[in-house]
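J.: A single structure is presented below for examination.
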Amino acid sequence: MAFFHTHIITGPIRSRRLGLSLGVNLLPVRNKLCNYDCVYCECGWNTVEEAEPEQLPSPEAVGAALEKALTDLAAQGVRPDSITFSGNGEPTLHPDFGAIVPMVKDCAARFYPENPPGLTLISNATQIGRKEVAEALKLCQRVLLKLDAGTPAMYAQINRFQKGFRLGAYRQNQEAEAFFEELLRNLRAFPYPFTVQALLFRGEHEGQRLDNTSGAEWEAYCRQLAAIRPQGIMLYGLDRETPAKKLQKLSAEELERKAEDLRRRGFKNVSAFF
Ligand code: SF4
């Protein structure tokens, strides 16, 4: 069953990688809005290809919901470790993302002036080439950017870049394979520290074999990482139910072996989560 965030603010939840994490969902509640349609997405398959900015929470609504949540938490003496932009789709697609991030940072500093919670972004990285998005990411303590494939063909099959997607004035007209080159260019050129996150799995969808863990595909993935030089790498296995039904979860041992392989190749700060 698809999993949705039903409010602007969710949690806080205890996360292994982020500690106590308060979620901020800048997407619609109860449905997904994303310019990818990953075969493993916990929100299920996309149901909308076009949307208007009015369907997203306004900066004022985000500010009010966050104020309320932090008022409640502060009254209980609770301080989140992270305020985390994630949710029902891709947060950086929000047209006011560049204004919302500093507002959230200011709000966190007001409630916890001694030790404000850091901001975390979990993103598919498709918007990092936009100046206002990059500037906002500079304010985040942790930036986790998705890269699941080393070749355009595997990228197209796993992440299913949605040609034709539209949100207000933003339109996606490229083919997946062409966009993959742009994505890699933007990751290589991104000026602020970030961690790459990858979901590793094997399986099949619509008659196509999917495997980002072995052979030439894994070698290509490692070459892309070497060119991108991220500050860290987080590897994940499948967790929740996936919309594509023939995907196989890697065992904890296998995922740890992939992490060890990356460390042997000289990558720093590699961790595996299962
Ligand atoms: S990028 Fe994230 S939200 Fe978008 S389809 Fe992929 S997993 Fe789902």
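The values are calculated or read from the model by the stated rules, or taken from the named source; none is laboratory data. Since the model is a prediction, treat every value here as computed from it, not as a measurement. Using ideal geometry, Cβ is built from the backbone for each residue, glycine included, and neighbour counts are taken over all protein chains shown. What goes into the accessible areas is simple: the full protein's heavy atoms, side chains included, and nothing from ligands, DNA or RNA. Shrake-Rupley method; radii C 1.70, N 1.55, O 1.52, S 1.80 Å.
J.: Grab every C-alpha pair in region 1-49, bin the distances at 10 angstrom width from 0 up to the longest one, and report whole percents.
T.: Histogram of Cα-Cα distances, whole percents per bin: 26, 45, 28, 2.
J.: Turning to a different aspect of this structure: Rounded if a/c is under 1.5, else prolate if a/b is larger than b/c, else oblate: which is region 13-104, with a ≥ b ≥ c the root eigenvalues of its Cα gyration tensor?
T.: Judged from the Cα gyration tensor, region 13-104 comes out oblate (a/c at least 1.5, b/c at or above a/b).
J.: Could you pull the Cα extents of region 77-135 along its three principal axes, largest to smallest, in whole Å?
T.: 37, 20, 13
J.: Between A61 and L20, what length in nm is gained on full extension when 0.36 nm per residue of separation is reduced by their alpha carbon distance?
T.: 12.5 nm
J.: Would you please classify the overall shape of region 196-242 from the alpha carbon gyration tensor, given that a ≥ b ≥ c denote the square roots of the eigenvalues, rounded means a/c under 1.5, and beyond that prolate means a/b larger than b/c while oblate covers the rest?
T.: Because a/c hits 1.5 or more and a/b fails to exceed b/c, region 196-242 counts as oblate.
J.: Quick one: among C41, C107, C140, which has the greatest mean-square fluctuation in a GNM of the chain with alpha-carbon springs under 10 angstrom?
T.: Of C41, C107, C140, the most mobile in the Gaussian network model is C107.
J.: If you take the square roots of the eigenvalues of the alpha-carbon gyration tensor of region 168-274 and sort them as a ≥ b ≥ c, do you get rounded (a/c under 1.5), prolate (a/b over b/c) or oblate?
T.: Verdict is oblate for region 168-274.
J.: Right, something else. Once the piece of chain linking D239 and M103 is laid out straight, how much longer is it, given 0.36 nm per residue of separation minus the C-alpha distance between them?
T.: This chain segment gains 45.7 nm when fully extended.
J.: Provide, for region 9-273, the number of lysine pairs with alpha carbons under 16 Å apart, each pair being eight or more places apart or on different chains.
T.: For region 9-273, the number of qualifying lysine pairs is 4.
J.: Let me ask another. Going by alpha carbons, how many degrees (0 to 90, nearest 10) lie between the helix axis of 215-228 and the longest principal axis of the chain?
T.: It works out to around 40 degrees.
J.: Taking Cα atoms, how many degrees apart are the long axis of helix 176-189 and the longest axis of the chain, rounded to 10 and kept between 0 and 90?
T.: 60
J.: How long are the semi-axes of the equivalent ellipsoid of region 222-274, taking √(5λ) for every eigenvalue λ of the Cα gyration tensor, in whole Å from largest down?
T.: Gyration-tensor ellipsoid for region 222-274: 23, 13, 9 Å.
J.: Let me ask you something else. Go through the cysteines of the chain and tell me which have no other cysteine Cβ under 4.7 Å away.
T.: Result for the chain is C34, C43, C107, C140, C222, no neighbouring Cys Cβ within the cutoff.
J.: Could you tell me the distance between the Cα centroids of region 37-54 and region 184-201, to the nearest Å?
T.: Result: 22 Å between the Cα centres.
J.: Per 0.36 nm of contour for each residue apart, how much would the distance between A226 and A252 grow if the chain were fully extended, relative to their Cα-Cα spacing?
T.: Working it through step by step, the gained length comes to 6.9 nm.
J.: Right, another one. Using Cα atoms only, what is the angle between the long axis of helix 59-75 and the major principal axis of the chain, expressed in degrees (0 to 90) to the nearest 10?
T.: 70
J.: Would you calculate, for the chain, the mean residue ellipticity at 222 nm contributed by helices, counting each DSSP H stretch of 4 or more residues as -39,500 (n - 2.57) and dividing by all residues, to the nearest 500?
T.: Mean residue ellipticity, 222 nm, calculated: -10000 deg cm²/dmol.
J.: Quick check: net charge around V133, other residues with Cβ under 12 Å of its Cβ, Lys/Arg +1 and Asp/Glu -1?
T.: Residues close to V133 contribute a combined charge of -1.
J.: For region 9-273, what number results from the quotient of the Cα radius of gyration and 2.2 N^0.38 Å?
T.: After normalising by residue count via 2.2 N^0.38 Å, the value is 0.99.
J.: Can you tally the net charge around R17? Count Lys and Arg as +1, Asp and Glu as -1, for every other residue whose Cβ sits under 15 Å from the Cβ of R17.
T.: Net charge around R17: +2.
J.: Roughly how many Å² is the accessible area per residue of region 9-273, as a whole number, for a 1.4 Å probe?
T.: Per-residue accessible area for region 9-273 comes out at 44 Å².
J.: On to the next question. Based on the Kirkwood radius over alpha-carbon pairs, what is the Stokes-Einstein translational diffusion coefficient of region 88-233 at 25 °C with 0.890 mPa s viscosity, in µm²/s?
T.: Translational D for this selection: 148 µm²/s.
J.: Can you check what the net charge comes to around E260, using other residues whose Cβ is under 12 Å from the Cβ of E260 (Lys, Arg +1; Asp, Glu -1)?
T.: Net of charged neighbours comes to +1.
J.: How big is the accessible area of R171 in square angstrom, nearest 10, if you roll a 1.4 angstrom probe over the protein chains?
T.: Roll a 1.4 Å probe over it and R171 shows about 140 Å².
J.: Loop-only GluC sites (Glu not before Pro) in region 139-219, please: DSSP not H, G, I, E or B, and at most 10 other Cβ atoms within 10 Å.
T.: Listed in order of number, the matching sites are E206.
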